[in-house]
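The values are calculated or read from the model by the stated rules, or taken from the named source; none is laboratory data. Just so it is clear, the structure is predicted and the values come from calculations on it, not from any experiment. Every residue, glycine as well, gets a Cβ built from its backbone with ideal geometry; the counts of neighbours run over all protein chains shown.
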Amino acid sequence: MAVERFLQPRASSWMTNDGKNVDIAMSTRIRLARNLNNFKFPYAFTEDEALKVDKEISSVLLDKGNELDYTFSHISIEELAELQKEILVEKHLISPYLINSHHSGSVLLSDNEELSIMVNEEDHLRIQSLQSGFQLQQAYKIANELDSLLEKNLSYAFHEKHGYLTSCPTNVGTGMRASVMLHLPALTMSHQIQRIIPAISRLGMVVRGIYGEGSEALGNVYQISNQLTLGKSEYEILQDLENMTEQIIQQERRAREAIALNSPVVIEDRIYRSLGVLTHSRLLTTEEAATCLSDVRLGIDLKMIQDVDMSILNELMIFMQPAFLQQYADKPLQPKERDFARAKLFRERLNRNGINSEGEDLA
Amino acid sequence: MICDQCGERSASVIVKQQQQDQIVKVNLCHICAAENHSINIAFEQDPLAIHQLLSNWFPNSQASINPVRKEVATCPSCGFTFSKFLRIGKFGCASCYDAFSPQLNEIFKRFHNGNTEHNGKIPASYGTTLKIKKEIEELRKQMQISIQGENFEEAARLRDEVKILSAKLEGGIPDGS
């Protein structure tokens, strides 16, 4: 089945550790929302229309994808098992909304997993372009090229005044949402993030914790994205977001320096405790794992930890989630059993890679 | 209270769920509640709860059951009424944008920092005609300025240019749609 290759516990290229400012900016995403002219939007269309939309879009991508050197795999959501759907969500290749939709939907994935085109999500088309690190221009270039290929072969719903027409009034115009995932432990520790978030929202952008909605983001990972899609060109939106992200990155660097300077022992203790938890615990909740992963990441960035590979941490962020754990264990797991499986996963992945594991591994 | 999921029936079940360290509350009607074994809240979709914002901005349009039946804007293509649009916060099709157009500027302004017009990418197939229309608009503006400044020669020249461009448009440059 076409989906198998995308379910493997292997990191996608955009989860790796290349790219500018990669110590703070973890990944970049561009999403373009588009609809076809001759069909009602997903909130109003019939199942029959849903199937036709899927067929029209998929055939263009499957036939013409090679013009841009892509090979796409078409995956029907209905044909997937529950666990498979959840794995694709955990990998950020599809949205939770798509798997809960009442209509026929699908996703077309490029072999390198950098492009994901969801069909019949909230809009007929959601083009998603993913890159590692902080690469807004590159991610947009790839999304834009694919969009131009599609518009040559499909008739888009476009309005002279309002631009690209979308189901939701918050996406109309460019239909573009650009976002960067940021690891901001020092701004969180020093509570500066709480001042930054409201300030940014006044500028047509938004910062929020990527896992969960509270003020404390799980694992100190935040997402910054543009809120505004109408009135500015794609180029201006990207410029604004890029400037703002650069400023946040600088602030985070300054906060890190301050922490390393003012309380070096406290921070070093915290980092090594977390490394200890990840490499030795027998039960590990998502929250604890995320917190410790954040500390260890910081430890690597501050050059306190030398022998852990950052890209393993990126992988673990994804693979510690419930669906992946259950695939890894090859059976359904209750929450407590997941904590056990998660701890085992961390020990195996981290100890295999050079960290000296003291004590016997009884598991 | 309206069901958070379908946005149509009234809610009769409150579901509280522990999600990554916090309690998430959802109000569901009996049908949606039955369908939901594990509730996945699509935060990514609607961080703002758009329909709530909309109904706060247009409290009067919400009262669709009115004894004196007022004419409610209805989209001829998909059948969405303006009050349904406000209730679920989504358009049903491209024609909704025309059907509800008198109210849209107000809505877009609030969502997009006062902006109502698209300034970004234009699909190539729309490009030619749209570009000409924008040029004509610009020339007309300049023409007005020339007339006000009593620069009638310039105004006449601009008028001729508008004529040529208008003829081009009517001459049926294929717009590809």
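Computed quantities for the displayed model
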{"quantity": "Criterion (touching a helix residue (DSSP H, G or I) at 6+ places or on another chain (Cβ under 9 Å) and modelled with pLDDT of 95 or more) met by exactly one of A:VAL89, A:VAL119", "calculated": "A:VAL119"}
{"quantity": "For A:SER155: the one exception among (1) more than 8 Å from chain B (Cβ to nearest Cβ); (2) surrounded by fewer than 24 Cβ atoms within 10 Å (Cβ to Cβ); (3) in contact with a strand residue (DSSP E or B) (Cβ under 7 Å, 6 or more places away or on another chain); (4) not β-branched (Val, Ile, Thr)", "calculated": "(1)"}
{"quantity": "Strands (runs of 3 or more DSSP E) lying entirely in the stretch A:15-113 (those with 3 or more residues that are away from chain B (no Cβ under 14 Å) and buried (at least 20 other Cβ atoms within 10 Å of the Cβ))", "calculated": "A:25-34, A:106-110"}
{"quantity": "Search result, residues across the stretch A:167-212 that are farther than 22 Å from A:VAL22 by Cα, within 14 Å of chain B (Cβ to nearest Cβ), of a type in the set (S, T, N, Q) and outside any loop (DSSP other than H, G, I, E, B)", "calculated": "A:SER201"}
{"quantity": "Number of positions in the stretch B:90-102 that are in contact with a helix residue (DSSP H, G or I) (Cβ under 8 Å, 6 or more places away or on another chain) and surrounded by fewer than 17 Cβ atoms within 10 Å (Cβ to Cβ)", "calculated": "0"}
{"quantity": "Yes/no for B:TYR126 being farther than 27 Å from A:GLY204 by Cα, within 7 Å of chain A (Cβ to nearest Cβ), under 22 Å from the mean Cα position of the chain (by Cα) and assigned to a helix (DSSP H, G or I)", "calculated": "yes"}
{"quantity": "Matching residues, the stretch A:34-48, being among the acidic types (Asp, Glu) and within 30 Å of the chain's Cα centre (by Cα)", "calculated": "A:GLU47"}
{"quantity": "Flag for A:ASP111 being touching a residue at least 24 places away in the same chain (Cβ under 8 Å), closer than 24 Å to B:SER77 by Cβ and not β-branched (Val, Ile, Thr)", "calculated": "no"}
{"quantity": "The stretch B:67-89 residues that are more than 10 Å from chain A (Cβ to nearest Cβ), paired with ones that are in a loop (DSSP other than H, G, I, E, B) and at pLDDT below 85 (beta carbon under 7 Å, 6 or more apart)", "calculated": "B:VAL72/B:SER64; B:THR81/B:VAL72; B:PHE82/B:VAL72; B:SER83/B:SER64; B:SER83/B:VAL72; B:LEU86/B:PHE58; B:ARG87/B:GLY7"}
{"quantity": "Identity of the residue in the stretch B:91-123, among the basic types (Lys, Arg) and without any contact (Cβ under 8 Å) to a residue 24 or more places away in the chain, that ends up farthest from the other protein chains (Cβ to nearest Cβ)", "calculated": "B:LYS109"}
{"quantity": "Test for A:ILE127: is it within 30 Å of A:LYS331 (Cα to Cα) and of a type in the set (Val, Ile, Thr)", "calculated": "no"}
{"quantity": "Boolean, A:LEU261 is surrounded by 22 or more Cβ atoms within 10 Å (Cβ to Cβ), away from chain B (no Cβ under 13 Å), farther than 24 Å from A:LEU136 by Cα and not charged (D, E, K, R)", "calculated": "no"}
{"quantity": "Those residues of the stretch A:255-277 which are without any contact (Cβ under 8 Å) to a residue 40 or more places away in the chain and of a type in the set (Lys, Arg), in sequence order", "calculated": "A:ARG270, A:ARG273"}
